[in-house]
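Before any comments, here is the structure.
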Amino acid sequence: MVVEQQDRVRRRSRRDEILEIAMGLFAARGYHGVSMDDIGAAAGVTGPALYHHFAGKEAMLVAALMPVSKSLLAGGRARVAENPDDPREALESLVEFHVTFALANPVVIALHLHELDRLPEDPRRNIRRLQRLYVEVWVQTLIALRPELPPQEARVLAHAAFGLMNSTPFLGGEVDRDRRSDLLRAATLAALLG
(Lines give C-alpha, C1' and ligand atoms only; values in the text may rest on other atoms or scores of the structure.)
Protein backbone atom coordinates (compact mmCIF):
# COMPACT_ATOMS: atom_id res chain seq x y z
CA MET A 1 0.00 0.00 0.00
CA VAL A 2 2.76 2.50 0.91
CA VAL A 3 4.66 1.54 -2.25
CA GLU A 4 1.52 2.18 -4.35
CA GLN A 5 1.11 5.64 -2.79
CA GLN A 6 4.78 6.46 -3.39
CA ASP A 7 4.43 5.33 -7.02
CA ARG A 8 1.38 7.58 -7.50
CA VAL A 9 3.24 10.54 -6.02
CA ARG A 10 6.25 9.80 -8.21
CA ARG A 11 4.07 9.51 -11.35
CA ARG A 12 2.24 12.71 -10.56
CA SER A 13 5.46 14.50 -9.93
CA ARG A 14 6.93 13.27 -13.23
CA ARG A 15 3.72 14.35 -14.97
CA ASP A 16 4.07 17.83 -13.47
CA GLU A 17 7.69 17.97 -14.58
CA ILE A 18 6.74 17.02 -18.14
CA LEU A 19 3.94 19.57 -18.11
CA GLU A 20 6.30 22.32 -16.97
CA ILE A 21 8.76 21.43 -19.74
CA ALA A 22 5.98 21.42 -22.33
CA MET A 23 4.67 24.80 -21.19
CA GLY A 24 8.14 26.30 -21.44
CA LEU A 25 8.53 24.96 -24.97
CA PHE A 26 5.06 26.17 -26.02
CA ALA A 27 5.81 29.63 -24.65
CA ALA A 28 9.20 29.78 -26.38
CA ARG A 29 8.32 28.27 -29.77
CA GLY A 30 4.54 28.47 -29.98
CA TYR A 31 2.13 25.57 -29.74
CA HIS A 32 2.54 24.54 -33.38
CA GLY A 33 6.31 24.83 -33.18
CA VAL A 34 6.57 22.00 -30.66
CA SER A 35 6.00 18.29 -31.27
CA MET A 36 5.43 15.51 -28.77
CA ASP A 37 8.91 14.26 -29.72
CA ASP A 38 10.37 17.69 -28.83
CA ILE A 39 8.68 17.53 -25.43
CA GLY A 40 9.85 13.97 -24.91
CA ALA A 41 13.44 14.85 -25.81
CA ALA A 42 13.44 17.81 -23.42
CA ALA A 43 11.94 15.64 -20.67
CA GLY A 44 14.30 12.75 -21.34
CA VAL A 45 11.62 10.30 -22.50
CA THR A 46 10.45 9.09 -25.88
CA GLY A 47 7.55 10.93 -27.49
CA PRO A 48 5.30 7.85 -27.28
CA ALA A 49 6.06 7.48 -23.54
CA LEU A 50 4.44 10.88 -23.01
CA TYR A 51 1.09 9.35 -23.93
CA HIS A 52 1.17 7.52 -20.61
CA HIS A 53 0.75 10.95 -19.00
CA PHE A 54 -1.15 12.98 -21.62
CA ALA A 55 -3.37 12.19 -24.59
CA GLY A 56 -1.50 14.81 -26.63
CA LYS A 57 -0.44 18.44 -26.79
CA GLU A 58 -4.00 19.72 -26.40
CA ALA A 59 -4.36 17.73 -23.19
CA MET A 60 -1.14 19.28 -21.90
CA LEU A 61 -2.40 22.77 -22.63
CA VAL A 62 -5.71 22.04 -20.91
CA ALA A 63 -3.87 20.54 -17.93
CA ALA A 64 -1.83 23.74 -17.62
CA LEU A 65 -4.52 26.36 -18.17
CA MET A 66 -7.67 24.96 -16.55
CA PRO A 67 -6.28 24.68 -12.98
CA VAL A 68 -4.83 28.18 -13.22
CA SER A 69 -8.21 29.66 -14.11
CA LYS A 70 -9.90 27.76 -11.28
CA SER A 71 -7.19 28.83 -8.84
CA LEU A 72 -7.41 32.50 -9.81
CA LEU A 73 -11.17 32.52 -9.34
CA ALA A 74 -10.99 30.76 -5.98
CA GLY A 75 -8.14 32.98 -4.80
CA GLY A 76 -9.88 36.17 -5.93
CA ARG A 77 -13.08 35.20 -4.17
CA ALA A 78 -11.15 34.32 -1.02
CA ARG A 79 -9.37 37.70 -1.02
CA VAL A 80 -12.66 39.56 -1.27
CA ALA A 81 -14.26 37.36 1.41
CA GLU A 82 -11.43 38.28 3.80
CA ASN A 83 -12.39 41.96 3.47
CA PRO A 84 -16.19 42.01 3.12
CA ASP A 85 -16.66 45.46 4.67
CA ASP A 86 -13.66 47.25 3.21
CA PRO A 87 -13.63 47.37 -0.61
CA ARG A 88 -10.34 49.30 -0.64
CA GLU A 89 -8.63 46.52 1.35
CA ALA A 90 -10.32 43.92 -0.86
CA LEU A 91 -9.01 45.66 -3.99
CA GLU A 92 -5.49 45.97 -2.62
CA SER A 93 -5.61 42.29 -1.68
CA LEU A 94 -6.79 41.33 -5.17
CA VAL A 95 -3.97 43.34 -6.73
CA GLU A 96 -1.39 41.76 -4.42
CA PHE A 97 -2.77 38.29 -5.19
CA HIS A 98 -2.70 38.76 -8.95
CA VAL A 99 0.69 40.48 -9.12
CA THR A 100 2.19 37.66 -7.07
CA PHE A 101 0.63 35.14 -9.46
CA ALA A 102 1.78 37.05 -12.55
CA LEU A 103 5.38 37.33 -11.38
CA ALA A 104 5.50 33.63 -10.52
CA ASN A 105 3.84 32.43 -13.75
CA PRO A 106 4.90 34.46 -16.81
CA VAL A 107 4.94 31.30 -18.96
CA VAL A 108 1.33 30.50 -18.07
CA ILE A 109 0.31 34.08 -18.85
CA ALA A 110 2.06 33.91 -22.23
CA LEU A 111 0.23 30.67 -22.98
CA HIS A 112 -3.12 32.21 -22.02
CA LEU A 113 -2.43 35.18 -24.27
CA HIS A 114 -1.15 33.29 -27.30
CA GLU A 115 -2.34 29.70 -27.19
CA LEU A 116 -5.80 29.57 -25.56
CA ASP A 117 -7.49 29.44 -28.96
CA ARG A 118 -5.62 26.20 -29.73
CA LEU A 119 -7.78 24.33 -27.24
CA PRO A 120 -10.84 22.31 -28.21
CA GLU A 121 -14.13 24.15 -27.82
CA ASP A 122 -15.31 22.68 -24.49
CA PRO A 123 -12.20 23.33 -22.40
CA ARG A 124 -11.69 26.71 -24.09
CA ARG A 125 -15.29 27.68 -23.23
CA ASN A 126 -14.84 26.51 -19.62
CA ILE A 127 -11.61 28.48 -19.20
CA ARG A 128 -13.17 31.61 -20.66
CA ARG A 129 -16.18 31.21 -18.32
CA LEU A 130 -13.84 30.98 -15.32
CA GLN A 131 -11.97 34.04 -16.55
CA ARG A 132 -15.21 36.02 -16.89
CA LEU A 133 -16.21 35.06 -13.35
CA TYR A 134 -12.78 36.20 -12.11
CA VAL A 135 -13.20 39.53 -13.89
CA GLU A 136 -16.60 39.95 -12.22
CA VAL A 137 -14.98 39.55 -8.78
CA TRP A 138 -12.88 42.60 -9.67
CA VAL A 139 -15.84 44.46 -11.18
CA GLN A 140 -17.98 44.01 -8.07
CA THR A 141 -15.10 45.10 -5.85
CA LEU A 142 -14.53 48.22 -7.96
CA ILE A 143 -18.23 49.10 -7.90
CA ALA A 144 -18.31 48.70 -4.12
CA LEU A 145 -15.34 51.05 -3.86
CA ARG A 146 -16.42 53.45 -6.61
CA PRO A 147 -20.24 53.39 -6.78
CA GLU A 148 -20.25 56.03 -9.52
CA LEU A 149 -18.83 53.46 -11.96
CA PRO A 150 -21.32 51.63 -14.15
CA PRO A 151 -20.48 47.91 -14.44
CA GLN A 152 -19.29 48.20 -18.04
CA GLU A 153 -16.78 50.91 -17.07
CA ALA A 154 -15.59 48.90 -14.07
CA ARG A 155 -15.08 45.98 -16.47
CA VAL A 156 -12.94 48.17 -18.74
CA LEU A 157 -10.80 49.17 -15.76
CA ALA A 158 -10.48 45.54 -14.61
CA HIS A 159 -9.28 44.46 -18.05
CA ALA A 160 -6.83 47.37 -18.15
CA ALA A 161 -5.51 46.28 -14.76
CA PHE A 162 -4.98 42.75 -16.05
CA GLY A 163 -3.04 44.21 -18.97
CA LEU A 164 -0.69 45.91 -16.52
CA MET A 165 -0.31 42.95 -14.19
CA ASN A 166 -0.07 40.36 -16.96
CA SER A 167 2.82 42.17 -18.61
CA THR A 168 5.28 39.92 -16.76
CA PRO A 169 6.20 37.76 -19.79
CA PHE A 170 7.48 40.92 -21.47
CA LEU A 171 9.46 42.38 -18.56
CA GLY A 172 13.19 41.94 -18.57
CA GLY A 173 15.27 41.08 -15.56
CA GLU A 174 16.93 44.49 -15.26
CA VAL A 175 14.63 45.35 -12.34
CA ASP A 176 14.62 42.92 -9.43
CA ARG A 177 11.46 40.97 -8.64
CA ASP A 178 10.53 42.88 -5.46
CA ARG A 179 10.78 46.22 -7.24
CA ARG A 180 8.79 44.87 -10.23
CA SER A 181 6.12 43.77 -7.75
CA ASP A 182 6.02 47.22 -6.14
CA LEU A 183 5.81 48.96 -9.52
CA LEU A 184 3.07 46.68 -10.85
CA ARG A 185 0.99 47.01 -7.70
CA ALA A 186 1.30 50.80 -7.63
CA ALA A 187 0.52 51.19 -11.34
CA THR A 188 -2.48 48.88 -11.11
CA LEU A 189 -3.95 50.62 -8.08
CA ALA A 190 -3.40 54.02 -9.68
CA ALA A 191 -5.24 52.88 -12.80
CA LEU A 192 -8.13 51.39 -10.84
CA LEU A 193 -8.56 54.19 -8.33
CA GLY A 194 -8.43 56.98 -10.91
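Observations on the structure shown:
- Gain in span if fully extended, Asp16 to Ala190, counting 0.36 nm per residue against the direct Cα distance: 58.9 nm
- Residue-span extension gain [His159 to Met66] - 0.36 nm each, minus C-alpha spacing: 31.5 nm
- Between 0 and 90°, nearest 10: helix 121-145 axis offset from the chain longest Cα axis: 20 degrees
- Taking all pairs of distinct alpha-carbon atoms in the chain, Kirkwood radius in angstrom: 18.3 Å
- Relative contact order (%) - region 1-154, alpha-carbon pairs under 8 angstrom, separation at least six: 23 percent
- Positive dipole terminus of region 1-149, leading residue within Thr46, Ala102, Gln131 (C-beta point charges): Thr46
- Between the beta carbons of Ala81 and Arg132, assuming R0 = 30 Å, the FRET efficiency works out to 0.95 to the nearest 0.05.
- J(HN,Hα) series, region 160-165, from Karplus relation 6.51 cos²θ - 1.76 cosθ + 1.60, nearest Hz, glycine and proline x: 5, 4, 5, x, 5, 5
- Mean ellipticity per residue at 222 nm, deg cm²/dmol - from DSSP H runs of n ≥ 4 across the chain, formula -39500 (n - 2.57): -26000 deg cm²/dmol
- Length released on extending from Ala28 to Arg118, taking residue separation times 0.36 nm less the Cα-Cα span: 30.8 nm
- Rounded to the nearest 10 Å², the accessible area of Glu17 at probe 1.4 Å: 90 Å²
- Here the accessible area is traced with a 1.4 Å probe on the protein chains. For the chain, carbon and sulfur cover 54 percent of it.
- Against the empirical 2.2 N^0.38 Å (N residues), region 65-120 has a Cα radius of gyration ratio of 1.30.
The values are calculated or read from the model by the stated rules, or taken from the named source; none is laboratory data. Here the structure is a predicted model, which is why all the values come from computation and not from measurement. Here Cβ is always computed from backbone atoms with ideal geometry, including for glycine, and neighbour counts include all displayed protein chains. Areas reflect the complete protein model, heavy atoms only, side chains present, ligands, DNA and RNA absent. Shrake-Rupley method; radii C 1.70, N 1.55, O 1.52, S 1.80 Å.
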